[in-house]
Each structure stands twice: as C-alpha cells, then as structure tokens.
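This report refers to the structure that appears directly beneath it.
The values are calculated or read from the model by the stated rules, or taken from the named source; none is laboratory data. None of the values given here were measured: they were computed from a predicted structure. Cβ: placed from backbone, ideal geometry, glycine included. Neighbour counts: every protein chain shown.
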Amino acid sequence: MPHDTLSKHLFHYDKQPLPWEMRVRVAYYIALALDHCNAENRKIYHDLNAYRVLFDEEGDPSLSTFGLMKNSRDGKSYSTNLAYTPPEFMRTGRVIPESVIYSYGTILLDLLSGKHIPPSHALDIIRGKSALVLMDSSLEGQYVNEDAATMIELASKCLQYEARDRPDIKFLLAAVDPLQKQKEVTSLNLMGLAKAAVVVPIMLSPLGKACERLDLTAVHDILLKTGYRDEEGADNELSFQEWTQQVQDMLNTKKFGDIAFRDKDFKNAVENYSKLVAMMPAPSATVFARRTLCYLMIGQPELALRDAMQAQVCIPEWPTAFYLQALALSKLGMEADAQDMLNDGAAFEAKRQSSWRG
Ligand SMILES: *[C@@H]1O[C@H](CO)[C@@H](O)[C@H](O)[C@H]1NC(C)=O
C-alpha cells in the first residue's frame, strides 16, 4: 500500500502525528469495513490491529485482507500481542464475532492515545477520574472534549470482559459517524501527504544490516557487546534501596538473565528476563531487546515482535527497537512492514549521528 500502515502513522511517523479528524475517519472506515464483512457473512476478522489497517493511494484507510484469510480455528489468531487478546480467546482459544469488537476497541485506544496501552490498564484509567489523560498529547487543541469522551466511552464498551456486553458494529458505526467534522476534506490533505511516495536512502548500522539479513547470530553478538549502554536517560545507579532484599532479588534475576543470554541459553534467558520485567520499577528497553532476540531464537516471532514494540515504547526513537521489529516482522512474513521499519531505524540512526556530531 502506498501510504503505509496505521501502526506506522501512529507509533513512528516521520513528519507529523496523525491528526484527530483522520483518526476519527480511521475509526469510521474500519467500522464500515467490518460491517461490510458481516454483510458478506465473514464475521471473523482475525487479529485486527494497527498493522492490518492500511492507507491506500488516496490516503483512505482500509483493512488488509490478511485478517480474512486465516482459519477461524487457527490457534495463532491472536498471538501477535497478548496484552491485546480478547479475554474469551485466552479462556477458550476460540474467536467469536464479539472478539472482533474487542479488537476494534484496542484500535480505538491506539487512535486515542497514540500508544500501545494494554486494555486492562486503559480501563483502569477510564474508570478513574480523568479519562482524558489517555489522550495523545500531540492532539491537544484538535478536538472538543465531548467527542474525545464519546470515543473513550466507545472504546471502553468494546473492551468489556463479557462478550455479550460489547456493542455491535452497527451501533459503533452510528456512534462514530457524527464525530466526523470534515468529511469533505480528502484524506491526503488531512494527513499532509503528497501522492508520490518519498524514497528514503538507506544507511543501516551494523545492527540494522544484521537484522536485514536475518542474521540472528550477529544480532546476538551486537546486543551482547552494546549491553545497557544505549539506554539513554535510564538511571542505572542504584540508591540505598540496593540493600533491600527485593532489589537484591532483582539484581540476581538480571544477572541470571544476562548470563543465560551470553551463553545462548535462550529459554532460560526468557524465563529470567520475564521475571525481571515483572519486578522492575521501570521497564528496560535493553531487556526487551534481548528478550526479542531470545524469542526469535526459540521460534516465537509473534512474542518477539511484541517485545521489540515494547522496547520502542521505552525509548521511542531507538534504532535498535526498529531494527528488531523489522527482523520479527520479516520472520512473520510481513516484508513490506519490515522494510518500513528498517527505513525508520536508519532515519533515526542518521538523526542520532547528526545530533552527536552537532
Ligand atoms: C534463571 O536462571 C537460573 C540460573 O541459570 C535458573 O536456575 C532458573 O531456572 C532461571 N529461571 C528463573 C525463572 O529463575
């Protein structure tokens, strides 16, 4: 598709964040597409997520046909992002039409927040006093609070734990439609896009190159050598708390993880890093990057992709996070997305280098 995926526009855009009006349009078009699927009696769209929403030549959002191709009993239907998985799929391994509504709710969350927020966490925020703190700060001044509140409310309805409590697609269509205020403006204009796609010259770092050629051994080598050095802004100094048992446990877990990682004992590294992630007061991009590689090594590319995305959440412009996502996407057969990710990684790499020189 000429104008990339929703994921790209929301989570790693080049020039400007997707404006509010366009986000509403995306919500509306997806609802339309799902309604259309229902009319054709294809009620299950698998693993609806921001990678499945594409922008066509006109900049209009559409759903990739990818989600329609899978077998409904395919156990992998929702494995890309466990935190986003409909609860009934976790319970029964089955996808039902209401699961699609749940996933639609997660897309609404992505659109509203501009981030990957796990639904359970988002619901806590929504139930709290000021649901509007969910909103992407780059959207400030672009919407009226009532409209944002309506969208947040719709998201929370879609994310209901019990499938029967979620609204149907017709309800969602009718609710989103009136939120569109600039229907006559074309999507290309809204997004500030020209028709021709821009070609970015690629200059990959050694890690980027290793990810491009799917050389897991080289990736391992580089991650090992870089260690935690890349982690900007993270405070690796330990305070007096170092002496508490809890921190001691954490340090041991990290040490076990690091040793297992060094010795290429990837299963053990995953175990210890997973324990570490649960213990750490603030998530570490490096731990996610390392666990990404571990998952790739043990043949779990979906989990790898999720971790590489998490690494990006920790450090938004970290080239390593992009290269590793490219690697995981490539393993998942999503070559076009992988290429985008490599380009993004290279762009951020160039930006870093110019700011170091300057
Ligand atoms: C962590 O590493 C240690 C030492 O290699 C190992 O004994 C243990 O099983 C690993 N997993 C967890 C969850 O601690």
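Observations on the model:
- Restricting 188, 123, 179 to residues that are surrounded by 13 or more Cβ atoms within 10 Å (Cβ to Cβ) and closer than 30 Å to residue 339 by Cα narrows the list to 188.
- Checked against (1) farther than 23 Å from residue 310 by Cβ; (2) modelled with pLDDT of 85 or more; (3) of a type in the set (A, V, I, L, M), residue 1 passes all but condition (2).
- Residue within the stretch 312-334 that is free of Cβ contacts under 8 Å to residues at least 12 places away in the same chain, within 16 Å of the ligand (Cβ to nearest atom) and either farther than 22 Å from residue 49 by Cα or surrounded by fewer than 16 Cβ atoms within 10 Å (Cβ to Cβ) (or both) present: no
- Some residue of the stretch 224-237 being modelled with pLDDT of 90 or more and surrounded by 11 or more Cβ atoms within 10 Å (Cβ to Cβ): yes
- Cβ-Cβ under 7 Å pairs, at least 6 apart or on other chains, the stretch 255-274 side without any contact (Cβ under 8 Å) to a residue 40 or more places away in the chain, far side buried (at least 16 other Cβ atoms within 10 Å of the Cβ) and among the aromatic types (Phe, Trp, Tyr): 257/273; 269/261; 270/295; 272/256
- Selection within the stretch 140-176 - surrounded by fewer than 13 Cβ atoms within 10 Å (Cβ to Cβ) and of a type outside the set (Asp, Glu): 141, 144, 145, 164, 170, 174
- If you filter the stretch 256-265 down to residues that are more than 9 Å from the ligand (Cβ to nearest atom) and part of a helix (DSSP H, G or I), you find that the one that is surrounded by the most Cβ atoms within 10 Å (Cβ to Cβ) is 261.
- Check on residue 23, within 23 Å of residue 329 (Cα to Cα) and within 20 Å of the chain's Cα centre (by Cα): no
- Some residue of the stretch 91-100 being part of a loop (DSSP other than H, G, I, E, B) and aliphatic (A, V, I, L, M): yes
- In the stretch 106-118, the residues that are in contact with a Leu (Cβ under 6 Å, 6 or more places away or on another chain) and either over 20 Å from residue 176 (Cβ atoms) or at pLDDT below 90 (or both): 117
- Among the numbered conditions (1) without any contact (Cβ under 8 Å) to a residue 24 or more places away in the chain; (2) under 21 Å from residue 136 (Cα atoms), the only one that residue 7 does not meet is (1).
- Restricting the stretch 266-291 to residues that are of a type in the set (Ser, Thr, Tyr) and more than 10 Å from the ligand (Cβ to nearest atom) leaves a set whose member that is modelled with the lowest pLDDT is 284.
- Scanning the stretch 295-308 turns up no residue that is assigned to a helix (DSSP H, G or I), in the same structural domain as residue 246 (by TED's automatic domain parsing), touching a His at 6+ places or on another chain (Cβ under 6 Å) and touching a residue at least 60 places away in the same chain (Cβ under 8 Å).
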